[in-house]
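The values are calculated or read from the model by the stated rules, or taken from the named source; none is laboratory data. Worth saying up front: this structure is predicted, and the values here are computed from it rather than measured. Note that each Cβ is placed from the backbone with ideal geometry, even for glycine, and that neighbours are counted across all protein chains shown. Areas reflect the complete protein model, heavy atoms only, side chains present, ligands, DNA and RNA absent. Shrake-Rupley method; radii C 1.70, N 1.55, O 1.52, S 1.80 Å.
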Amino acid sequence: MNNPIALRGFKIYKDFLSQEAQEGIVHALRGVQSAAPLFSPMTPYGKPMSVRMTSAGKYGWISDKNGYRYALQHPNGTVWPDIPDPVMNIWQRLVDPHKRPECCLINYYQEGARMGMHQDRDEADFDWPVLSVSLGDEGLFRIGNSTRGGKTDSIWLRSGDVVVMGGAARLCYHGIDRIRFGSSTLLQHGGRLNLTLRVVD
Ligand code: MD3
Ligand code: FE
């Protein structure tokens with residue numbers, strides 16, 4: 001395993017996943033998406049996000065007229081599928097072999113999709129890190145500070161990269177400015193998938 005790059009307390013494991021491992025995860029995610037299809041969450045302003053999402057695990061992330069929250073069911077009324085084993089294995093290797101994350105949020109970026117700067121703070125215990133897996137096209141990740149504004153750093157996340165956000169970094173503002181559509185052949189229709197594993201309760 002390559003040593004991680006430490007940037008503002010984030011740990012970035014470049015090329016953590018082999019091509020075969022990436023293909024195995026993409027295959028498993030097709031099963032998740034057939035039970036829990038991707039959807040476009042609504043922003044508080046009533047405009048759909050450009051990123052489409054779904055989840056696996058006990059909880060998924062939803063947003064509707066009542067706001068954003070973790071929920072036990074997909075908008076279609078079904079419980080979320082299990083987090084695929086090869087995804088759970090990454091958490092067990094890099095974070096904790098005993099504690100299980102309760103949500104795997106799946107973000108899909110088609111051409112032109114982006115995610116504005118935000119904090120992730122709807123989880124009960126910020127002592128648990130968030131682990132992110134990038135698959136498919138490259139994405140320009142931007143990280144800032146624990147309050148809005150100030151100096152930021154940017155890094156391209158590529159297919160197979162894994163990032164662990166713990167410590168002070170856990171509450172930093174972050175977002176995806178853009179993707180390089182067509183930069184990877186991993187996904188059949190192109191675009192970028194990002195998985196985030198979270199302890200919620
Ligand atoms: C830093 N996703 O789903 S992953 C998100 O690439 C999200 O789709 C981005 O931000 C994506 O909330 C970035 C890297 C990431 C994820 C969660 C974090 C960085 C984080 C939580 C706290 C701090
Ligand atoms: Fe986030």
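At-a-glance table
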{"quantity": "Qualifying residue in segment 150-157 (condition: among the acidic types (Asp, Glu), surrounded by 20 or more Cβ atoms within 10 Å (Cβ to Cβ) and either in contact (Cβ under 8 Å) with a residue 60 or more places away in the chain or assigned to a loop (DSSP other than H, G, I, E, B) (or both))", "calculated": "no"}
{"quantity": "Hey, Thr43 more than 18 Å from Leu197 (Cβ to Cβ) and among the β-branched types (Val, Ile, Thr) or not", "calculated": "yes"}
{"quantity": "Residue within segment 106-118 that is open to solvent by 20 Å² or more (accessible area, probe 1.4 Å), closer than 18 Å to Ser159 by Cβ, more than 16 Å from ligand 2 (Cβ to nearest atom) and without any contact (Cβ under 8 Å) to a residue 40 or more places away in the chain present", "calculated": "no"}
{"quantity": "Matching residues, segment 119-128, being open to solvent by 20 Å² or more (accessible area, probe 1.4 Å), more than 8 Å from ligand 1 (Cβ to nearest atom) and of a type outside the set (Gly, Ala, Ser)", "calculated": "Arg121, Asp122, Asp125, Phe126, Asp127, Trp128"}
{"quantity": "Residue list for segment 40-67, filter: in contact with a Ser or Thr (Cβ under 9 Å, 6 or more places away or on another chain) and more than 19 Å from Asp82 (Cβ to Cβ)", "calculated": "Ser40, Pro41, Met42, Thr43, Pro44, Pro48, Met49, Ser50, Val51, Arg52, Ser63"}
{"quantity": "Residue in segment 1-9 that is in contact with a Gly (Cβ under 6 Å, 6 or more places away or on another chain) and not aliphatic (A, V, I, L, M) present", "calculated": "yes"}
{"quantity": "Residues located in segment 166-201, provided they are more than 9 Å from ligand 1 (Cβ to nearest atom), more than 22 Å from Tyr59 (Cβ to Cβ) and assigned to a loop (DSSP other than H, G, I, E, B)", "calculated": "Phe181, Gly182, Ser183, Ser184, Thr185, Leu186, Leu187, Gln188, His189, Gly190, Gly191"}
{"quantity": "Subset tally (residues that are within 14 Å of ligand 2 (Cβ to nearest atom) and in contact with a Leu (Cβ under 8 Å, 6 or more places away or on another chain)) for segment 158-175", "calculated": "3"}
{"quantity": "Meets criteria (among the hydrophobic types (A, V, I, L, M, F, W, C) and either at pLDDT below 95 or within 15 Å of Val200 (Cβ to Cβ) (or both)) for Leu94", "calculated": "no"}
{"quantity": "Selection count, segment 1-21, where residues are part of a loop (DSSP other than H, G, I, E, B), among the charged types (D, E, K, R) and within 18 Å of the chain's Cα centre (by Cα)", "calculated": "2"}
